[in-house]
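Read through the structure below, which is laid out as structure tokens, and then see the notes.
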């Protein structure tokens with residue numbers, strides 16, 4: 001029987017593999033383009049996913065220091081869900097840096113998850129106010145669901161940039 005940690009890790013990897021397949025079809029030169037009528041861009045979405053995985057898995061579920069795990073301090077205010085995406089690329093790190101942080105945080109999250117046991121999962125995360133999550137398992141599970149939500153947005157932005165659908 002598969003452990004809960006293993007199942008959760010598989011779900012996070014499944015979502016990430018789908019996201020990577022999609023973003024790899026979008027030239028980084030287009031990552032900061034905000035199509036007419038679109039309030040976001042690929043760069044912000046990818047930066048947000050890196051920041052979210054860091055906060056959901058590394059901080060809340062695994063109690064790790066985000067900067068020590070590779071998340072630059074300036075990413076949190078830039079990529080919070082409440083931020084209005086700026087059309088000026090100069091206000092953000094370059095696309096290749098965002099992608100590197102996205103990859104680095106994912107690897108750190110996978111390493112950190114290996115340090116948890118199934119018994120750790122039902123612990124309530126104190127002080128972490130989230131409308132959907134209370135326990136470590138909630139935060140880890142939400143990570144994969146949250147990623148798919150934003151991958152859908154990336155897919156829509158990709159189509160608005162003129163790319164054909166990927167299937």
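The values are calculated or read from the model by the stated rules, or taken from the named source; none is laboratory data. Keep in mind it's a predicted model, so treat the numbers as computed, not measured. Cβ: placed from backbone, ideal geometry, glycine included. Neighbour counts: every protein chain shown.
Below, the figures for the structure above:
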| quantity | calculated |
| --- | --- |
| Out of 113, 121, sole residue that is part of a helix (DSSP H, G or I), touching a strand residue (DSSP E or B) at 6+ places or on another chain (Cβ under 9 Å) and surrounded by 14 or more Cβ atoms within 10 Å (Cβ to Cβ) | 121 |
| Filtered residues of segment 124-165 (kept if surrounded by 13 or more Cβ atoms within 10 Å (Cβ to Cβ) and either on the phi > 0 side of the Ramachandran plot or outside any helix (DSSP H, G or I) (or both)) | 125, 128, 130, 133, 134, 135, 161, 163 |
| Filter result (outside any helix (DSSP H, G or I), farther than 17 Å from residue 139 by Cβ and without any contact (Cβ under 8 Å) to a residue 24 or more places away in the chain) within segment 57-82 | 67, 68, 73, 74, 82 |
| One residue from 87, 27 being over 21 Å from residue 164 (Cβ atoms) and out of contact with any helix residue (DSSP H, G or I) (no Cβ under 6 Å at 6 or more places or on another chain) | 87 |
| Residue within segment 152-167 that is at pLDDT 95 or above, within 24 Å of residue 60 (Cβ to Cβ) and more than 17 Å from the chain's Cα centre (by Cα) present | no |
| Selection from segment 1-54 of residues that are free of Cβ contacts under 8 Å to residues at least 12 places away in the same chain, within 17 Å of the chain's Cα centre (by Cα) and not in a helix (DSSP H, G or I) | 24 |
